[in-house]
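Taking it in order: structure first as structure tokens, then the write-up.
The values are calculated or read from the model by the stated rules, or taken from the named source; none is laboratory data. Just so it is clear, the model here is predicted, and its values are computed rather than measured. Positions of Cβ are backbone-derived with ideal geometry, glycine not excepted, and every protein chain shown enters the neighbour counts.
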Ligand SMILES: Nc1nc2c(c(=O)[nH]1)N[C@H]1C(S)=C(S)[C@@H](COP(=O)(O)O)O[C@H]1N2
Ligand SMILES: [Mo]
């Protein structure tokens, strides 16, 4: 078993090193993880996101590694009986790794090399280790051979440890060399243009002083991250090329410099993920700087029937946005900055889409490189193929930030507070209900536009005992947030966020 696991480790570690040349997404674990993300049935993926939230990728990699360890141990056992089983087992893994790497979007022709070279090395390591082990086992179990058996065992352990060492060092060196290709320096060198249309000043009424309430503007470091990228794409702005094509009268191509030279708007927009559960935290508000998509699309001239804009990322992810939503006057943009700095790499550097009012999976393409004017009849985007709705307007929702579910508070006046959102319609009221009492109006904090969430707070005279708190919002359409519970799939969760608290 040790021999099997050590040879698998060598394969994965060397694979990382070879992937320095063949691209980070061709490294065996990353390639297989990426294929799993694209292939697993939707309910499994939804369950993973709800169980692990923004740590879904870590969980995937840990899970994949654990499975690999178990299978590698079994391969080791089988190879001890008959080495051909070991070769077959390793070849199978090599093939899976190679196939996964070759089928990643934009994979190079050499993408199979990390898995194949890693597997070849693993066969060699397994052979060597099993030979050493066999020699020990062949010695008769007598006091006369005790010393040579002990020496043989030590040799086996030393060689296995060397295998793990080679795996760690090559994996580490591989990752370190790959990191040298990263774009942090290019990002640091960017001078952001001034917006021709700056963001409105924040009213003094945002951020009421309530401990535990989300800040109106989410700091970049706290902003939720959701995407299918196991390796964060490193896109050099110097070589970034953007095009608008498909069903347009005049296709457009732009480089980063040309993009920065265009008139820019700066707006607060709250992004939300369709996978957000009621009460969940896959939502955040930021100040975005970017080029209005309406201007670019007007220049390109969408043809009749081009009712869907398909945007694509360098890593092949794509989504479809209604053309109308990008041209109806809302502040849809190609964003280059988030809260006053160039986009963080994991949030789409150098350029992403931001569209007020639509869930991220139909609008917020990070590392974006192209827009293709198409139609909903002609093309199903990434998540639509996996069962999610083609249209994803954000539903009116609200959340209690404080007190926390299951928390304890002291009897007397308690401030209940949270956020409510109905992007592009705007929140007009928030109400709180204690136990089976009446709905009571909460105080709304200020906001700069209907495209962001709104903080709210409510003074509650809490009596000792166990209590249930619920919240609901209303928006400018006159609709009150529905009580009906709906799962995130296929088009966003609904229901009232309800928590229980102990009052002492
Ligand atoms: N390239 C790329 N862009 C993407 C995604 C993705 O998987 N790949 N996920 C989308 C989804 S589902 C959401 S909710 C938002 C999240 O943006 P954030 O990570 O900056 O919060 O990005 C969108 N853009
Ligand atoms: Mo999302």
Fill in: Inter-residue pairs, beta-carbon under 7 Å, first under 15 Å from residue 8 (Cβ atoms) and in region 102-118, second part of a loop (DSSP other than H, G, I, E, B), 6+ apart
114/27
Practice prompt. Within region 209-228, identify whether any single residue is within 16 Å of ligand 2 (Cβ to nearest atom) and either buried (at least 21 other Cβ atoms within 10 Å of the Cβ) or closer than 20 Å to residue 331 by Cα (or both), and answer yes or no.
Written response: yes
Worksheet item: Does residue 301 meet the test of being at pLDDT 95 or above and buried (at least 21 other Cβ atoms within 10 Å of the Cβ)?
Response: no
Worksheet entry | Criterion (touching a residue at least 60 places away in the same chain (Cβ under 8 Å) and under 21 Å from residue 118 (Cβ atoms)) met by exactly one of 64, 22 | 22
Discussion item. Condition (residue is touching a helix residue (DSSP H, G or I) at 6+ places or on another chain (Cβ under 7 Å) and surrounded by fewer than 23 Cβ atoms within 10 Å (Cβ to Cβ)) applied to region 400-407: is it met by at least one residue?
Written reply: no
Worksheet item: Quick check, is residue 271 at pLDDT 95 or above, surrounded by fewer than 23 Cβ atoms within 10 Å (Cβ to Cβ) and within 14 Å of ligand 1 (Cβ to nearest atom)?
Response: no
Worksheet item: Any chance region 290-312 includes a residue that's within 15 Å of ligand 1 (Cβ to nearest atom) and over 25 Å from residue 385 (Cβ atoms)?
Response: yes
Worksheet item: In region 241-268, what residues are assigned to a loop (DSSP other than H, G, I, E, B) and buried (at least 21 other Cβ atoms within 10 Å of the Cβ)?
Response: 264
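Does residue 345 count as within 16 Å of ligand 2 (Cβ to nearest atom) and buried (at least 17 other Cβ atoms within 10 Å of the Cβ)? Give the derivation first.
Numbers: within 16 Å of ligand 2 (Cβ to nearest atom): no; buried (at least 17 other Cβ atoms within 10 Å of the Cβ): yes.
No: the conditions fail for residue 345.
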Worksheet item: Which ones in region 434-469 are touching a residue at least 40 places away in the same chain (Cβ under 8 Å), farther than 23 Å from residue 357 by Cα and outside any loop (DSSP other than H, G, I, E, B)?
Response: 443, 457, 458, 459, 460, 461, 462, 469
Worksheet item: farther than 30 Å from residue 235 by Cβ, in a helix (DSSP H, G or I) and in contact with a helix residue (DSSP H, G or I) (Cβ under 8 Å, 6 or more places away or on another chain), is that true of residue 30?
Response: no
Fill in: residue 446 within 31 Å of the chain's Cα centre (by Cα) and crowded, with 18+ Cβ neighbours inside 10 Å
no
Worksheet item: Given region 278-397, what helices (runs of 4 or more DSSP H) lie entirely inside it while holding 1 or more residues that are closer than 27 Å to residue 37 by Cα and within 21 Å of the chain's Cα centre (by Cα)?
Response: 382-385
Discussion item. Tell me whether region 259-268 contains one or more residues that are at negative phi and either within 19 Å of the chain's Cα centre (by Cα) or within 16 Å of ligand 1 (Cβ to nearest atom) (or both).
Written reply: yes
